[in-house]
Amino acid sequence: MSERKTFCGICEATCGLTVTVEDDAIVKIRPDRSHPHSKGFACPKGIAFGAVRDDPDRVVHPLRRRPDGTFERVTWDAALDDIGERLRNIAAEHGHGSIGLAWGNPASWNAGAILVALGLSVALGTKHTYNSGSVDINNYFLIGHLLYGNNFANPLPDFASTDFALIIGANPFVSHGSMVTTGRIRDVLTDIPRRGGRVVVVDPRRTETAEHFEHVAIRPDADAWLLGAMLNTIFSEKLEDAQALAEQASGVYALREIAARFDVARAAGETGIDEDTIRQLARDLAAAPSAAVHARCGTSLGAHSSLAKYLLDALVVVTGNFDKRGGTVLGSPYLDMEKLVRMTRVTGFDRWRTRVDNFPEVLNSAPLACMAREITVPGDGRLRAMIMCSANPVTTTPGTNELDEALPQLDLFVSLDPYVTETNRHADYVLPPTTWLEREGFPYFTQAHATQPHAQWVDPVVPPRGESRDDSWILDQIALRLGVLPAPVPGAKLLGRLRRRLLPGRSLPIWQIYDVLIRLGHYGDRFGLRRSGISRKRLLNTDGAVALEDELAVGVRRKRLHTRDRRVQFDHDLIRAEVDRMLARTDDPAYPLRVISVRRLRSHNSWLHNVPKLMVGDVLPALLVHPADAKAAGLVHEGHATITSPWGQMTISVRVTDEMSPGAVGLPHGWGHRGSWKRAVAAGGTSYNVLTPTEAGRLDASGNAWCNGVPVALRPARAQDVAEPPDPVSLDV
Ligand SMILES: Nc1nc2c(c(=O)[nH]1)N[C@H]1C(S)=C(S)[C@@H](COP(=O)(O)OP(=O)(O)OC[C@H]3O[C@@H](n4cnc5c(=O)[nH]c(N)nc54)[C@H](O)[C@@H]3O)O[C@H]1N2
Ligand SMILES: Nc1nc2c(c(=O)[nH]1)N[C@H]1C(S)=C(S)[C@@H](COP(=O)(O)OP(=O)(O)OC[C@H]3O[C@@H](n4cnc5c(=O)[nH]c(N)nc54)[C@H](O)[C@@H]3O)O[C@H]1N2
Ligand code: SF4
Ligand SMILES: [Mo]
């Protein structure tokens, strides 16, 4: 029996874990009490992850789809050689640009995979690069680029020291934080009122977080109205921090003009929050000794998410809270992701556009919501082959049915996933990856957002199950056979062909590449020049994580911003156009309600629904409806409703609850499973995203999907109208 420390690779909290292992089997997972960041915290998902690693439904051999939709086991060589040959043929006939790559949320804990995937996308020069950013955080990426000069620039709320936390469209008590990695975030937030500060939560639902603090109920998809009206109040009442603006900002005149367009009286109507409350919130924010503002999925998946993020970041600067203790602070990563995406030229905006919709790229990728059309609309540059890693877009991306019909039209579809899902049941090959307990790694993404910088690099805790291999290895093997070096270097295709001929057995040295970057980085050992510095070897030899800093430094703007004048840039035509677009919006009275997404503690997006211990309590999908809306629609508690949007409909059981505000209905996303994960499939339900639009004109300027605040109507249904769970897909292994 031995104990091994690692970090959890499920959500952005990235908690430290201690795993008890006996004969290469997981006996127990528990929180790592000595972890400098999570300090003995872990949630039920991390603790239960052994059940994913050992899931009997997990794919642990390479699988090939038969014409009848079932899967048969093949050898790695057979799978990879066939994939390689077919990709070479597709490339020869239609060019490398007809090959696409897509990765989903779990890639954020998969340092190896992301390096190869990014490298392959750049080396192929393909516009068919998609990632879950466009159903999540593309508004951050766009505003990062416009305001700070880098897609990955991301000022972090300094909750640990703030006097006033304003949380909009986020539920950290359940999500454990997003785009900010603060250990034990629940404790850190509850501590704010304890030391005399305030936490205000703006949310259409009285969430687990809102319940604990001051709750301001808002109409869904009206955050930009609230933030714009607050900015307007601050300028018209001359509450701005003139010194901060003079020192830190460029284009303040544009910001004033934009703020003036948000009429506070109209904002009250749009948000359902009265004028006095909006004005008082603005005054309180300006008057607080320090204020940390944070908005996530609720706001990011609205129809105007870039505008909302712009206004939010503007409020921070205007109230003198940027780059300040207790305000928002800039990260201090040991692997500088901003530098990495700059060096590889991945960061940027509108350097090219998508073929069908003429939609601008962000972070060198295209919106997932546009992907189905790129497969189905004929013409030069059509997406013909897809290599997908840890993504389940059929349920997580707008247009569930559209994508479900488009994916079978690919000439080749390869999916790296531990399950046969509703998405990759259409794949020609499903290739079995190791899970995060079975591979080497470090949390490359979340370390950049850690409010208490710390470093960790881990070996696999247990050996891979069956024939599963690291995603990085699989992607690299595909690149090798395709004859492309998966690296953002000139001549990647020529080098790839040479490598195929001369070094066919050699894998890309991903860990060595990261090691060099980290050793040369801010906390690196500079190859021995700095004794206290870190390296891969030193971190691997450390049991657990190493604390690097107690808190983030402030006053670092000049060093950290990428803009020419090292100030935050506020003058953008794109933002003016986004204000026009929002002001022009009208409501259709046929859809009087707005639907919002609900996350549950024991669920994680579309997966973990096959773990018995997690499939309990409130996890199973139900529609949350306020009593007044239920009455108006003739619905009863535990009855059934048909919910219809302009784009689709489903029938689902109803929970009548006053945790919803009137006019807003809540629906969990990530359901309606198909594939081989039997328990998940048997749970039934329908994908939220049958209700959401895919048209380019309905997306945010950043390409971010519109999932929250979509207009809907409700009517009573019968239990028998609920779609029956389908049969699971059978695997012949
Ligand atoms: N348990 C659990 N944890 C998770 C996840 C999970 O699925 N389960 N997913 C992870 C991922 S991928 C992410 S990105 C993060 C997300 O992290 P968060 O954004 O903190 O989590 P959400 O629960 O999506 O919170 C969004 C909140 O916005 C509210 N909301 C919806 N629409 C609106 C709106 O128009 N305006 C406002 N103001 N509020 C609105 C919702 O009621 C909800 O409370 O969570 C991560 N952590
Ligand atoms: N309506 C609505 N839609 C949403 C959201 C919402 O709030 N409302 N939230 C959005 C957000 S924030 C996000 S991040 C996306 C998530 O969207 P996705 O990234 O598409 O969804 P996940 O459910 O995280 O799917 C992950 C897939 O990766 C597989 N997987 C897990 N670990 C590994 C691994 O180590 N390697 C490989 N190769 N595969 C692995 C899982 O089996 C699963 O099939 O969903 C978005 N969709
Ligand atoms: S909070 Fe997130 S990182 Fe921590 S144990 Fe739970 S799922 Fe894992
Ligand atoms: Mo996400």
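The values are calculated or read from the model by the stated rules, or taken from the named source; none is laboratory data. What you see is a predicted model; the values in this text were computed from it and never measured. Neighbour counts are summed over all protein chains in view; Cβ atoms, including those assigned to glycine, are modelled from backbone coordinates with ideal geometry. Note: accessible area is taken over every heavy atom of the protein model, side chains too, but ligands, DNA and RNA are not part of it. Shrake-Rupley method; radii C 1.70, N 1.55, O 1.52, S 1.80 Å.
For region 220-338, the fraction of alpha-carbon pairs lying more than 19 Å apart is 47 percent, rounded to a whole number. Checking the cross-link pairs 5/309; 5/613; 127/493; 45/678; 309/559 against a 26 Å limit on the alpha carbon distance flags 5/309 as lying beyond it. Pairwise Cα distances in region 391-461 exceed 18 Å in 56 percent of cases. Each helix, a run of at least 4 DSSP H residues, gives -39500 (n - 2.57); summed and divided by the residues of the chain, these come to -8000 deg cm²/dmol at 222 nm. Considering only alpha-carbon pairs that sit under 8 angstrom and 6 or more positions apart, the relative contact order computed for the chain is 20 percent. The residues of the chain present an accessible area of 36 Å² per residue when probed at 1.4 Å with all protein chains retained. Once the Cα-Cα distance is subtracted from the 0.36 nm per residue extended length, the residue 698 to residue 85 segment shows a gain of 216.8 nm. According to the square roots a ≥ b ≥ c of the eigenvalues of the Cα gyration tensor, what is the shape class of region 560-685, taking rounded for a/c under 1.5, prolate for a/b larger than b/c otherwise, and oblate for the remainder? Taking the square roots of the gyration eigenvalues as a ≥ b ≥ c, region 560-685 is oblate. Averaged over residues, the count of other Cβ atoms within 10 Å places the peptides 314-325, 55-66, 130-141, 23-34 in the sequence 130-141, 314-325, 55-66, 23-34, highest first. Calculated translational diffusion coefficient of region 297-434 (25 °C, 0.890 mPa s; Stokes-Einstein with Kirkwood radius over alpha-carbon pairs) equals 136 µm²/s. Which distance in Å, rounded to a whole number, links the C-alpha centroids of region 544-571 and region 258-289? Going from one Cα centre to the other spans 29 Å. Using bins 5 angstrom wide from zero, how does P(r) for region 65-202 break down, in % of all Cα pairs? Spelled out per bin, shortest first, that is 2, 7, 11, 14, 15, 13, 9, 8, 8, 6, 4, 3, 1, 0. What's the whole-number percent of alpha carbon pairs in region 257-313 lying beyond 16 angstrom? For region 257-313, the share of Cα pairs beyond 16 Å comes to 56 percent.
The per residue volume of the convex hull around the alpha-carbon atoms of region 661-719 is 140 Å³. Shown here is the pair-distance distribution of region 468-536: with all Cα-Cα distances grouped in 10 Å bins from zero up to the longest one, the shares run 21, 36, 25, 18, 1 percent. Counted over the chain, the DSSP beta bridges are approximately 50% antiparallel. Take the convex hull of the alpha carbons in region 396-505; its mean projected area over all directions comes to 10.3 nm². Global size of region 1-59: 11.5, 35 Å for Rg and Dmax (C-alpha atoms, Rg to one decimal, Dmax whole). The convex hull around the C-alpha trace of region 33-95, projected and averaged over every direction, spans 8.6 square nanometres.
The distance from the alpha carbon centre of region 313-387 to that of region 45-99 is 27 Å, rounded to a whole number.
Distance from the alpha carbon centroid of region 598-644 to that of region 199-240 works out to 26 angstrom. With the convex hull of the Cα atoms taken as the outline of region 536-608, the averaged projected area works out to 12.1 nm². Kirkwood-type hydrodynamic radius, region 1-155: 19.3 Å, calculated from all non-identical alpha-carbon pairs. Taking the accessible area of the chain, probe 1.4 Å, and keeping the other protein chains in place, the carbon and sulfur fraction comes to 50%. The order of the peptides 364-373, 670-679 by mean Cβ neighbours within 10 Å, most packed first, is 364-373, 670-679. For the chain, the Kirkwood radius over C-alpha pairs fed into Stokes-Einstein at 4 °C and 1.567 mPa s yields D = 50 µm² per second.
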